[in-house]
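This report concerns only the one structure given below.
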Ligand code: FES
């Protein structure tokens, strides 16, 4: 009658070579994977520097805003621009727009992001209502971008901007979406004009 094969105690030479092989493969995989993973995720976590984008000649934008308004008071105009977008680590040309209004004074332009603060749809400027309306879920913003109804949790982003050689530039990735200063009863819109050094 065939008996059970006796179990071998301890490691065989084959076990030892398998162990050495596995450890070596593991070390090689780590050496390859760590730099690759680091290179892949670094762009996602790096704090993006503001990218300055040219919006157009200040005189033209001012004239367009005044033409859209009445009685020398500027209204909202759509200012389109192109830029280089990073889409899944691939750079490609893209276009977007900002909503700009000439308001005069020491901070003559007020420039809003069109991105709804609910889920990111582009809002529409509705001149007849003097408001921005979001086509996705109905959020409504005042001409200053303050959210007044619908699910939007915050005002529209306000672009930092600067004037260089007569042209308006916006910091595309660096909009202000924080709380507005309150002045009495009415919230005061922030002026985000960046002074030139
Ligand atoms: S994305 Fe604008 S209301 Fe939802």
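The values are calculated or read from the model by the stated rules, or taken from the named source; none is laboratory data. Just so it is clear, the structure is predicted and the values come from calculations on it, not from any experiment. Neighbour counts are summed over all protein chains in view; Cβ atoms, including those assigned to glycine, are modelled from backbone coordinates with ideal geometry.
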So which strands (runs of 3 or more DSSP E) stay within region 127-197 end to end and still have 1 or more residues that are at pLDDT 90 or above and in the same structural domain as residue 73 (by TED's automatic domain parsing)? 131-133, 140-142, 147-149, 158-164, 167-176
I'm checking my understanding of the structure. Among residues of region 113-125 that are over 13 Å from the mean Cα position of the chain (by Cα) and surrounded by 19 or more Cβ atoms within 10 Å (Cβ to Cβ), which one is nearest to the ligand (Cβ to nearest atom)? 123
List the number of the failed condition for residue 129; all other conditions in (1) under 17 Å from residue 189 (Cα atoms); (2) loosely packed, with under 14 Cβ neighbours inside 10 Å; (3) within 16 Å of the ligand (Cβ to nearest atom) hold. (1)
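Yes/no per residue for (1) surrounded by fewer than 10 Cβ atoms within 10 Å (Cβ to Cβ); (2) within 30 Å of residue 82 (Cα to Cα); (3) modelled with pLDDT of 65 or more:
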residue	(1), (2), (3)
34	no, no, no
37	no, no, no
42	yes, yes, no
45	yes, yes, no
60	no, yes, yes
64	no, yes, yes
Could you go through region 144-158 and let me know if any residue there is in contact with a strand residue (DSSP E or B) (Cβ under 6 Å, 6 or more places away or on another chain) and more than 16 Å from the ligand (Cβ to nearest atom). yes
Out of 90, 77, report the one residue that is on the phi < 0 side of the Ramachandran plot, assigned by TED's automatic domain parsing to the domain that holds residue 173 and in contact with a helix residue (DSSP H, G or I) (Cβ under 9 Å, 6 or more places away or on another chain). 77
